[in-house]
Amino acid sequence: MPLKAATEQDASFLFELFEAQKTAELGLENVDSHFKNSIITMQWNSKNQSYLHSFPNLNTFVIWYEEQAVGSCMIDYTSQEIHIIDILISSNFRNLGIGTLLFKQLQLEAQQQKIPLRLQVAIGNPAQRLYERLEFKTYQSDQVYVSMEWMPSSFQSTLSS
């Protein structure tokens, strides 16, 4: 599963991916396009500023599948953990095993570095089932998010599932 570091040339793809996801999430399909663009742009800028401020080691990647850009992944790498900050796969490419391949690649990185792989997922997000299937365990939760981690010792059983 190729992950390629995002460059300036990827900016429009990353924005369009975010726009499609937010339009569906917020139910903006039938809203005035100027209003929709204002909302989406404001959310895009806010998200990026917040992430850059909160995660100093943030890396943004484009997810490639069969020589096509299909998603994005933002990861904060530290010596203590690999923290998946944001992952988004185009709706046209979901349920093809891309997420599973990506997570197994990241689990291999965590295994090699002997550090946990961590993420947060909104309560009710269907992706939580994927994380549980890949042996992520909940270590903290609140009314909005579940914090999950995968520890390197479980790597072998994850690969065989």
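Using the Karplus relation 6.51 cos²θ - 1.76 cosθ + 1.60 with θ = phi - 60°, the per-residue 3J(HN,Hα) values for the range 91-97 come to 4, 5, 10, 7, 6, 10, x Hz, with x marking Gly and Pro.
Compactness ratio for the chain: Cα radius of gyration over 2.2 N^0.38 Å (N = residue count) comes to 1.06.
Listed values for the range 10-18 are Karplus-derived 3J(HN,Hα) couplings in whole Hz (6.51 cos²θ - 1.76 cosθ + 1.60, θ = phi - 60°), namely 8, 4, 5, 4, 4, 5, 4, 5, 4, and x replaces Gly and Pro. Using the average count of surrounding beta-carbon atoms within 10 Å as a protection proxy, the listed peptides 48-55, 83-90 rank, highest first, as 83-90, 48-55. Separation of the alpha carbons by more than 20 angstrom is noted, of K4/K104; K47/K137; K4/K114; K22/K47, for K47/K137; K4/K114.
Distances between placed amide hydrogens fall under 5 Å for Y145 paired with I123, all partners being 5 or more residues away or on another chain.
Computed from phi, the 3J(HN,Hα) profile of the range 117-129 under the Karplus parametrisation 6.51, -1.76, 1.60 (θ = phi - 60°) reads 10, 10, 7, 10, 9, 5, 4, x, 5, x, 4, 4, 5 Hz, with x in place of Gly and Pro.
Across the accessible surface of the chain, with the other protein chains kept in place and a 1.4 Å probe, carbon and sulfur atoms take up 50 percent. Heavy-atom accessible surface of the chain, averaged per residue, reaches 59 Å², computed with a 1.4 Å probe.
Annotation: peptides 136-142, 26-32, 8-14, 71-77, ranked by per-residue average of other Cβ atoms within 10 Å with the highest first, follow the order 71-77, 136-142, 8-14, 26-32. The overall shape of the range 99-157 is prolate: from the C-alpha gyration tensor, with semi-axes ordered a ≥ b ≥ c, the ratio a/c is 1.5 or greater and a/b exceeds b/c.
The values are calculated or read from the model by the stated rules, or taken from the named source; none is laboratory data. The structure presented is a predicted model; accordingly, all values stated were derived computationally and were not measured. Quick reminder, even Gly has a Cβ in these numbers, built from the backbone with ideal geometry, and neighbours come from all protein chains shown. Just the protein is used for accessible areas: all its heavy atoms, side chains included, with ligands, DNA and RNA removed. Shrake-Rupley method; radii C 1.70, N 1.55, O 1.52, S 1.80 Å.
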